[in-house]
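Take a look at the structure set out below.
The values are calculated or read from the model by the stated rules, or taken from the named source; none is laboratory data. Note that the structure is predicted; figures quoted are calculated from it, not measured. Here the Cβ positions follow ideal geometry from the backbone for every residue, glycine too, while neighbour counts run over all protein chains shown. Side chains are part of the model used for accessible areas, which takes the heavy atoms of the whole protein and leaves out ligands, DNA and RNA. Shrake-Rupley method; radii C 1.70, N 1.55, O 1.52, S 1.80 Å.
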Amino acid sequence: MVVRRPPGRRAQILAVAADRFHRSGYHQVSMTEVAAGVGITAPALYRHFRGKPELLDRAVRLGLDALAEGLRPARTTADLGAALAAVAVGHRALGTLVQRDARLLPPARRAALRRELRADVALMVAVLRAERPELAVGDAELLCWSALSACAGLSYQSAAPQPRRAEALLREVVAAVLAVSPGGTAAGPAAVAGPRPTPEPGARARREELLAAAVRLFHQRGFDNVSTDQLGAAVGISGPSVYRHFDSKAELLAASLVRSRERLWHEVDGAIAAAAGPGAALDAGLGAYVDFALRNGDYLGAMLSETERLAPPDRRAAVDFRRDFLRTWVGLLRQVRPGYDAAAARIRVHALFALVNDGVRNRPHNARPDLGDCLLRLGRAVLGLS
């Protein structure tokens, strides 16, 4: 008797894999877990895909193919917004997979994915400039990348929003982003943090240097690709000497993310608390967040990509911080815009963070001298403040 495979089995496997990678992180998901989610055995799964790298590659490609297919017939910026919103909702894992996990693919595949995204952005730029011919190509590209990032923010919501409502809101967000005039005059927002402490001599200073180097290297290369020898060399010591300050590389990762979170909270919460009234507080918080992001892109990248590598207690602490940070912004935004319910405010705040976090890390736009001013304008547009 011939046993036929259920129709669409490969698509079912990819949907489960994308969801698992999205929720838990690529490194935390096994082929056995994916197989169980589909209701097959691991050997049966290997008959469809050779391993996790291929699963990740195909899951990302599935979302990007949907994006390209949605954008191809677009003729207006409203069409662009509809396409981006539909993919963000229908392929909610895509933002996480591209921004966090795709860097784990082989270099040639990463380069191919980047080319596909650039082709999508080029299509968007042509549509945008047809409606706004006054825009320079670089400005139009910044707006289109920002619209992609804002929609990708939906990936980071812990609970799935109501699909039609989310699509409608994201269409509004994309329209607001694509309407921004990005040319700025300021080099960036003024720093709001207090004076930085002077380095202390001895072991404590070396520990602080290691924390800063760890954030940079873990972001640039990934936790698994950074050795203690590389960490030591970054601060002028031998690899084994790292263990005089931290018991393990995992402890160094946890401590570096904690220190960065403390600085983020100090700067942003301090700016919010010092402002008079919700509107001023939201403006001050936005300026402080953009300023922090401009100076700490490595931390934002490491927070995004390496949190899943933490031990469970440290991971919970990181997730709790994100939740509390988000709650502060959602509450503040709803005071300024009382017409927003909690779901709408969360979508907009997630869009803001994704837009800024990508904006300070994505080349070549992160080299713009007016990037801070541009991000402030884009941030206000995403929040519905402009």
Handout entry: Inter-part distance where the range 293-325 and the range 125-144 are each reduced to a Cα centre, Å
Key = 34 Å
Exercise for the section: Using only the Cα atoms, work out Rg/Rh for the range 1-122, with Rh taken as the Kirkwood radius, to two decimals. Expected result: 1.02
Practice task
Considering the convex hull of the alpha carbon atoms of the range 97-171, report its projected area averaged over all viewing directions, in nm², one decimal.
Solution key: 6.2 nm²
Practice task
Sort the following peptides by mean Cβ neighbour count (other Cβ atoms within 10 Å, averaged over residues), highest first: 30-37, 368-375.
Solution key: 368-375, 30-37
Practice task
Work out how far the C-alpha atoms of the range 227-275 reach from end to end along every principal axis, then list the three figures in whole Å, largest first.
Solution key: 47, 19, 15
Fill in the blank from the handout: On each of the three principal axes the extent of the alpha-carbon atoms of the range 212-334, given in whole Å and largest first, is 52, 28, 22
Handout entry: Simple Cβ-charge dipole of the range 1-76, Lys/Arg +1 and Asp/Glu -1, about Cα centre, in debye nearest 20
Key = 220 debye
Completion exercise
Of the candidates PRO313, ALA367, ALA354, the farthest towards the positive dipole end of the range 266-386 (Lys/Arg Cβ +1, Asp/Glu Cβ -1, centred on the Cα centre) is ALA354
Practice task
Could you state the accessible area per residue of the chain in Å², with a 1.4 Å probe and every protein chain left in place?
Solution key: 46 Å²
Problem - Computed P(r) (all Cα pairs; the range 37-96; 5 Å bins; percent) - result: 4, 17, 20, 18, 14, 11, 8, 6, 3, 1
Fill in the blank from the handout: Subtracting the Cα-Cα distance of ASP341 and HIS27 from 0.36 nm times their residue separation yields 109.5 nm
Practice task
Could you tell me which helices of the chain pass both thresholds, a Cα extent of 24 Å or more along their own axis and a mean Kyte-Doolittle hydropathy of at least 0.0, with helices taken as whole DSSP H runs?
Solution key: 52-71, 107-131, 249-274, 278-295, 342-359
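About its Cα centre, how strong a charge dipole does the range 283-386 have in debye, to the nearest 20, once Lys and Arg get +1 and Asp and Glu get -1 at the Cβ?
So the dipole magnitude of the range 283-386 works out to roughly 240 debye.
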Problem - Positive-end extreme of charge dipole, the chain - chosen from ALA168, VAL268, THR32 (charges on Cβ) - result: THR32
Handout entry: Sequence ranges 357-367, 130-140, 341-351, ranked by mean other-Cβ count within 10 angstrom, highest first
Key = 341-351, 357-367, 130-140
Exercise for the section: Please get the size of the charge dipole for the chain, origin at its Cα centre, with Cβ charges of +1 on Lys and Arg and -1 on Asp and Glu, quoted in debye to the nearest 20. Expected result: 1080 debye
Handout entry: Cα-projected label distance for ALA36 with ARG323, points at 7 Å along beta-carbon direction, nm
Key = 2.3 nm
Completion exercise
Once TRP265, TRP145 are ranked on solvent-accessible area with the largest value leading and a 1.4 Å probe, the list reads TRP265, TRP145
Fill in the blank from the handout: For the range 1-140, the percent of accessible surface on carbon and sulfur atoms (probe 1.4 angstrom, ligands and nucleic acids excluded) is 56 percent
Exercise for the section: Tally up the carbon and sulfur contribution to the accessible surface of the range 200-321 as a whole percent, 1.4 Å probe, everything protein left in place. Expected result: 51 percent
Fill in the blank from the handout: Note: the chain at 25 °C, 0.890 mPa s; Kirkwood Rh on alpha carbon pairs; Stokes-Einstein D in µm²/s works out to 111 µm²/s
Completion exercise
Sorted on mean Cβ neighbours within 10 Å (highest first), peptides 153-166, 281-294 come out as 281-294, 153-166
